[in-house]
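Undergrad: Before anything else, here's the structure in question.
The values are calculated or read from the model by the stated rules, or taken from the named source; none is laboratory data. It should be emphasised that the depicted structure is a prediction, and the values quoted were computed from it without experimental measurement. All Cβ positions, glycine included, derive from the backbone under ideal geometry; neighbour counts span all protein chains shown.
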Amino acid sequence: MAKTVRDESTASAYWAAVNTFCALEDVHVIADAPVGCYNLTGVAVMDYTDAIPYLENLTPTSLTEREIASSGSSEIVQETIDKLKGSGKQLILVSSAESEMIGSDHQNMLAMKYPSVRFFASDSLGQNEWQGRDRALAWLFDRFDDGQPAEIEPGTVSIIGPTYGCFNSPADLAELKRLIAGAGGEVRHVYPFESKAADIAKLKNSAAVVVMYREFGAALAGKLVRPVLYAPFGIEETDRFIEEVGRLCGTEEEAAQFIEEEKRTTLSPVWDLWRGPQSEWFPTIRFGVVASKSYANGIRRVLSGELGMQCLFSHDSATASNNAVREEIKQTQPQFLYGRMPDKIYLAELDAKTRFIPAGFPGPIVRRALGTPFMGHSGVVWLVQEIVNALYDTLFNFLPITRRQQSAAPAKPLKWTPEANAILDGIVKKAPFISQISFGRELKRKAENLAASRGADTVTPDILQQLG
C-alpha cells in the first residue's frame with residue numbers, strides 16, 4: 001500500500017548543492033536542470049527564506065523534453081559552459097533530479113573538453129538537503145585542497161556551516177563570532193559564507209574549527225584534522241564553549257573573564273525576568289519543537305533543561321513523520337510551538353490556541369537581522385524575552401468578555417449534565433494553563449448559545465461534540 005506524504009519538510013540534495021556552492025563568491029554554478037529548477041531554487045526559495053531576490057552565480061542549462069526524451073543534456077551543457085568560460089569564476093556543474101533520471105554523467109566529457117570545470121552529482125533523488133550539504137562541503141575540500149601540510153595559526157578559529165537556506169543563520173553567526181572574540185580567539189574564516197573556494201585549503205591552518213550545525217559540516221571538519229567544537233545553546237553549554245575556545249587558543253584567562261562579564265551584562269535580563277512576577281508562569285508552560293536537529297535539541301535544552309518549562313515533544317524535522325506531528329499537536333495542545341510552516345498550518349486546521357514561533361524552514365519567514373539569535377548567551381535572552389512577551393499577549397487576548405459577547409449570552413442560565421461538565425473539564429485541561437479559565441468560560445458560552453439556539457434548556461455531551 002502506497003504511503004501518502006502530506007508535505008515535504010526537508011528539501012533535496014540538489015538544493016543543498018546550490019545553497020552551498022553559490023555561497024562562495026568565486027564560484028559560478030551551472031545546474032543541469034530545467035529552467036524551473038532555477039526559478040524555484042535560485043529565485044523563489046531564496047526570496048522567501050534569506051530575502052535574496054536571486055542568486056547571480058547560478059545558471060540552468062534549461063533542460064527540455066527533447067533532451068530528456070532522446071539526445072541527453074551533453075550538448076546544452078557545453079553551450080552553457082561556453083557562455084560562462086570568461087566569467088573568471090570557478091565553474092561547478094551540478095546534476096538535478098531530471099538529469100539524474102536520464103543518466104547524465106558529464107565527468108568524462110568535462111575531463112576531455114573542460115578540465116577546469118568540476119562536476120558534482122547531487123544525488124537529488126537519494127539524499128536530503130542536510131546530507132547534501134555535508135557531502136558538498138567535503139567534496140569542495142577534496143577538489144580544492146592544495147595538498148600542503150597544515151601550518152597552524154595560533155589563536156585562530158574557523159566556522160563551518162553558514163549556507164543559503166539555513167534558518168536564522170545571520171543572527172546565530174553573529175553570536176558565534178561575538179563569543180569567539182570574547183574568549184580571545186580570532187575568527188579567520190567563515191565557510192562557505194564570507195569565503196572563496198580557494199580558501200578551503202586554509203581551513204586546516206586554524207587552531208580550532210567550529211561546526212555551526214549538528215546536521216552537516218562534520219565530514220569536512222573530519223578532513224581538516226583540527227579540534228572541533230559545535231555551536232552552543234543555553235547558558236551552561238555556552239560557558240563550556242567559551243572555556244574550550246580559550247583553551248585551544250591559549251587565552252584561558254581572557255575566556256574566564258569574558259564569562260564573568262557575560263553574567264553581568266548579556267545575561268542580566270535573564271536573571272531579571274527569572275526574579276520577576278512572570279517567572280511564576282515558567283513551570284506551567286508547555287511547549288513543542290519541530291525543527292532541524294540543532295534547533296530541536298537546543299531549544300529543548302534551554303527552555304526545559306535550564307528554565308524548567310515542560311517540553312511535550314521535540315522532533316528533528318528531517319526524520320519526523322508529519323502525520324504523526326499533526327496528531328501530536330492535536331493531542332497535546334502545547335502553549336508554544338516552535339516549528340515550520342507545515343506546523344503552523346496544522347495549528348490553523350485544528351483551530352488551536354497555541355502560540356506559533358518560527359524555528360525552521362520551509363516557510364515564508366525572513367531572518368536577516370542580527371538581533372534574533374537562538375544560539376549562545378544572547379540566544380537564551382531572546383528566547384526568554386519572546387516567551388514573556390507572548391505570555392503578556394496571551395493575557396491580553398483572554399481579557400474578560402466584552403459587552404458584545406455578553407449580549408450574545410442566553411437570556412437565562414442553562415443546566416449542564418454531569419457528562420457534559422466532565423467533557424468540558426477534559427477539554428479545558430488541554431488548553432495552556434495561563435488561559436484555562438478564560439478558555440473554559442468562552443467554550444461554556446459557545447455551548448450554551450448553541451443549546452439555546454436549538455430551544456434546549458440543558459447542555460448535553462452532543463452539544464460539546466458539535467463544537468469540535
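Undergrad: Going through the range 81-131 one residue at a time, which ones are aromatic (Phe, Trp, Tyr) and either surrounded by fewer than 16 Cβ atoms within 10 Å (Cβ to Cβ) or in contact with a Leu (Cβ under 6 Å, 6 or more places away or on another chain) (or both)?
TA: Scanning the range 81-131 gives a single hit, 119.
Undergrad: What number goes with the only condition from (1) over 23 Å from residue 26 (Cβ atoms); (2) touching an Asp or Glu at 6+ places or on another chain (Cβ under 9 Å) that residue 202 does not pass?
TA: Answer for residue 202: the failing condition is (1).
Undergrad: To continue, here is another question. From the list 330, 293, 353, 344, which residue is of a type in the set (Lys, Arg), outside the structural domain of residue 214 (by TED's automatic domain parsing) and within 25 Å of residue 177 (Cα to Cα)?
TA: 293
Undergrad: For residues in the range 230-253 being part of a loop (DSSP other than H, G, I, E, B) and in contact with a strand residue (DSSP E or B) (Cβ under 8 Å, 6 or more places away or on another chain), which is surrounded by the most Cβ atoms within 10 Å (Cβ to Cβ)?
TA: For the range 230-253, the residue satisfying everything is 231.
Undergrad: Which residue, of 175, 153, is surrounded by fewer than 20 Cβ atoms within 10 Å (Cβ to Cβ), on the phi < 0 side of the Ramachandran plot and in contact (Cβ under 8 Å) with a residue 24 or more places away in the chain?
TA: Within the list 175, 153, the selection yields 153.
Undergrad: Looking at the structure I just gave you, is residue 219 in a helix (DSSP H, G or I), surrounded by fewer than 16 Cβ atoms within 10 Å (Cβ to Cβ), out of contact with any His (no Cβ under 9 Å at 6 or more places or on another chain) and in contact (Cβ under 8 Å) with a residue 40 or more places away in the chain?
TA: Details: in a helix (DSSP H, G or I): yes; surrounded by fewer than 16 Cβ atoms within 10 Å (Cβ to Cβ): no; out of contact with any His (no Cβ under 9 Å at 6 or more places or on another chain): yes; in contact (Cβ under 8 Å) with a residue 40 or more places away in the chain: yes.
No, not satisfied.
Undergrad: If a residue has to be over 10 Å from the mean Cα position of the chain (by Cα) and among the aromatic types (Phe, Trp, Tyr) to count, how many in the range 345-367 make the cut?
TA: Qualifying residue count, the range 345-367: 2.
Undergrad: A further question on this structure: Which one of the conditions (1) out of contact with any Phe, Trp or Tyr (no Cβ under 7 Å at 6 or more places or on another chain); (2) surrounded by 15 or more Cβ atoms within 10 Å (Cβ to Cβ) does residue 146 fail to meet, given that it meets all the rest?
TA: With respect to (1) out of contact with any Phe, Trp or Tyr (no Cβ under 7 Å at 6 or more places or on another chain); (2) surrounded by 15 or more Cβ atoms within 10 Å (Cβ to Cβ), residue 146 is out only on (2).
Undergrad: Quick one: in the range 97-131, which of the residues that are of a type in the set (Asp, Glu) and part of a helix (DSSP H, G or I) is nearest to residue 36 (Cα to Cα)?
TA: Filtering the range 97-131 for residues that are of a type in the set (Asp, Glu) and part of a helix (DSSP H, G or I), the one nearest to residue 36 (Cα to Cα) comes out as 98.
Undergrad: Would you be able to tell me the number of residues in the range 7-54 that are at pLDDT below 85 and of a type in the set (Phe, Trp, Tyr)?
TA: Here the count works out to 2.
Undergrad: Which of the residues belonging to the range 19-37 are under 19 Å from residue 361 (Cβ atoms) and part of a helix (DSSP H, G or I)?
TA: 19, 20, 21, 37
Undergrad: Criterion first (at pLDDT 80 or above, surrounded by fewer than 12 Cβ atoms within 10 Å (Cβ to Cβ) and either on the phi < 0 side of the Ramachandran plot or not hydroxyl-bearing (Ser, Thr, Tyr) (or both)) does residue 393 satisfy it?
TA: Yes; evaluated as a whole, the condition is true for this residue.
Undergrad: Sticking with this structure for a sec: Kindly indicate whether residue 288 is more than 24 Å from residue 428 (Cβ to Cβ), crowded, with 19+ Cβ neighbours inside 10 Å, modelled with pLDDT of 95 or more and not assigned by TED's automatic domain parsing to the domain that holds residue 217.
TA: Against the criterion (more than 24 Å from residue 428 (Cβ to Cβ), crowded, with 19+ Cβ neighbours inside 10 Å, modelled with pLDDT of 95 or more and not assigned by TED's automatic domain parsing to the domain that holds residue 217), residue 288 does not qualify.
Undergrad: Anything in the range 313-325 that is touching a helix residue (DSSP H, G or I) at 6+ places or on another chain (Cβ under 7 Å) and surrounded by fewer than 19 Cβ atoms within 10 Å (Cβ to Cβ)? List them, or say none.
TA: Scanning the range 313-325 gives a single hit, 318.
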